[in-house]
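Take a look at the structure set out below.
Bear in mind that the values in this text are calculations on the coordinates, not laboratory data. What you see is a predicted model; the values in this text were computed from it and never measured. Every residue, glycine as well, gets a Cβ built from its backbone with ideal geometry; the counts of neighbours run over all protein chains shown.
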Amino acid sequence: MVVRMRHNRSQSAQRRSHHALKAPVLSVCKNCGASHRPHHMCLECGHYNGRMVIDKEAAKTAREARIKAKEERIQTEAEQIAPSEAEAVTKAEPEEQK
């Protein structure tokens with residue numbers, strides 16, 4: 001719907017009075033003392049309302065293991081590619097010398 005009449009500055013300002021940004025309200029974790037959003041689990045320890053919701057330590061170790069396995073896979077693939085490239089270079093050199 002289109003506004004037919006122009007609003008004066010006062011009416012525009014009154015409409016925009018609710019557009020201001022507000023600081024987030026934070027709660028303190030009972031387990032570790034870190035700040036977190038109310039009614040949400042603590043991002044530091046994974047507890048909510050006095051009980052563990054997510055085991056952050058297990059998730060961290062699983063993530064590190066996944067990253068390490070990926071790095072090893074990339075390294076082995078690079079090693080497999082590197083010898084075949086070296087063979088191609090050594091085979092190409094004698095032909096160029098002739």
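Please identify the GluC sites (Glu not before Pro) of segment 1-84 that satisfy two criteria: DSSP loop assignment and at most 15 other Cβ atoms within 10 Å. Which are they?
Working: sites: Glu44, Glu57, Glu64, Glu71, Glu72, Glu77, Glu79; in loops: Glu44.
Taking segment 1-84 and a limit of 15 other Cβ atoms within 10 Å, the loop GluC sites (Glu not before Pro) found are Glu44.
Would you grab the residues whose amide H sits under 5 Å from the one on His47? Only those 5+ places off in sequence or on another chain, please, with H modelled 1.01 Å from N.
It is Cys42, Val53, by chain and number.
Taking the Cα-to-Cβ direction at His18 and at Ile81 and moving 7 Å from each Cα, how far apart do the two end points lie in nm?
5.6
Given that compact globular proteins tend to follow 2.2 N^0.38 Å, what is the ratio of the alpha-carbon Rg of segment 1-79 to that value?
2.13
In whole Hz and in residue order, list the ³J(HN,Hα) couplings for segment 17-22 that follow from phi through the Karplus curve 6.51 cos²θ - 1.76 cosθ + 1.60, θ = phi - 60°; x for Gly and Pro.
5, 8, 7, 5, 7, 10
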